[in-house]
1. Please pick out the residue among Arg155, Arg128, Arg79 that is at pLDDT below 95, of a type in the set (Lys, Arg), part of a loop (DSSP other than H, G, I, E, B) and farther than 30 Å from Tyr50 by Cα.
2. Taking the stated definitions as given, is Lys66 of a type in the set (Lys, Arg), modelled with pLDDT of 90 or more and farther than 30 Å from His131 by Cα?
3. Scanning for something farther than 20 Å from Met1 by Cα and in a helix (DSSP H, G or I), does region 36-57 turn up at least one residue?
4. With respect to Tyr145, determine if the residue is open to solvent by less than 50 Å² (accessible area, probe 1.4 Å) and in a helix (DSSP H, G or I).
5. Restricting to region 116-131, name every residue that is in contact (Cβ under 8 Å) with a residue 12 or more places away in the chain and surrounded by 11 or more Cβ atoms within 10 Å (Cβ to Cβ).
6. If Tyr50 satisfies all but one of (1) touching a strand residue (DSSP E or B) at 6+ places or on another chain (Cβ under 8 Å); (2) open to solvent by 40 Å² or more (accessible area, probe 1.4 Å); (3) closer than 12 Å to Lys66 by Cα, what's the number of the condition it fails?
Amino acid sequence: MNFYLRYFDKEILVNNVDDAIAFLADIDEIGMNPVLESDIRDYCSSEVLYPKRYKIRPRVYFIIIKTDAPTMLDFKEKRAIHPGLERAEKPIAPALVRLNEELPGWYEGALDFKRVLLVPGTGKFQYRDTHFVAQCKAMSGMDCYNRIVDYLRSRVDERSQFPSAKGKNFKFHYLGGCK
């Protein structure tokens with residue numbers, strides 16, 4: 001296992017923890033100390049494959065990434081991807097598959113959106129979180145979302161904001177087929 005370290009424009013790819021610590025010790029701003037050294041050694045010897053970020057001061061960090069890449073060029077071109085983390089194709093979330101799955105019938109959709117309302121005392125407008133639930137005939141979850149949003153657009157202020165169908169503010173479930 002190799003380690004890629006970067007601090008601003010200073011970067012290195014090393015094959016052991018001692019070289020990594022020596023690289024960081026040469027950078028005065030990092031201020032290498034026994035606690036930091038111990039933490040880096042623990043991270044490098046652990047089974048965790050996620051990158052580790054260390055804070056130097058507010059909004060200033062250095063990063064350590066574990067990699068199987070033998071050279072910096074291989075690392076930069078992402079030729080050494082860890083087993084189990086292949087990125088050949090991004091998996092589609094089951095909720096997104098269900099959203100576009102065509103199954104004609106009745107759906108119940110719940111939508112949380114920002115509705116523009118007039119404040120009577122001041123005459124000004126404000127956004128209010130609004131929960132809306134409707135049952136409708138649709139071909140899919142996406143069709144259900146489109147029907148609900150079309151219905152609401154014709155009945156609320158045009159400045160109201162509707163969430164994405166793919167987000168957490170829209171939920172639906174299939175009630176059954178049409179008769």
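1. Numbers: Arg128 fails: part of a loop (DSSP other than H, G, I, E, B); Arg79 fails: farther than 30 Å from Tyr50 by Cα.
Result of the check over Arg155, Arg128, Arg79: Arg155.
2. Working: of a type in the set (Lys, Arg): yes; modelled with pLDDT of 90 or more: yes; farther than 30 Å from His131 by Cα: yes.
When the stated conditions are applied, Lys66 passes them.
3. For region 36-57, residues farther than 20 Å from Met1 by Cα and in a helix (DSSP H, G or I): present.
4. On the way: open to solvent by less than 50 Å² (accessible area, probe 1.4 Å): yes; in a helix (DSSP H, G or I): yes.
Criteria met by Tyr145.
5. Residues of region 116-131 in contact (Cβ under 8 Å) with a residue 12 or more places away in the chain: 116-117, 125, 127-131.
Hits for region 116-131 are Val116, Leu117, Phe125, Tyr127, Arg128, Thr130.
6. Tyr50 satisfies all of (1) touching a strand residue (DSSP E or B) at 6+ places or on another chain (Cβ under 8 Å); (2) open to solvent by 40 Å² or more (accessible area, probe 1.4 Å); (3) closer than 12 Å to Lys66 by Cα except (1).
The values are calculated or read from the model by the stated rules, or taken from the named source; none is laboratory data. Because the structure is a prediction, the values reported are computed rather than measured. We place every Cβ from the backbone using ideal geometry, glycine too, and count neighbours over all the protein chains shown. Heavy atoms of the whole protein, side chains included, go into the accessibility calculation; ligands, DNA and RNA do not. Shrake-Rupley method; radii C 1.70, N 1.55, O 1.52, S 1.80 Å.
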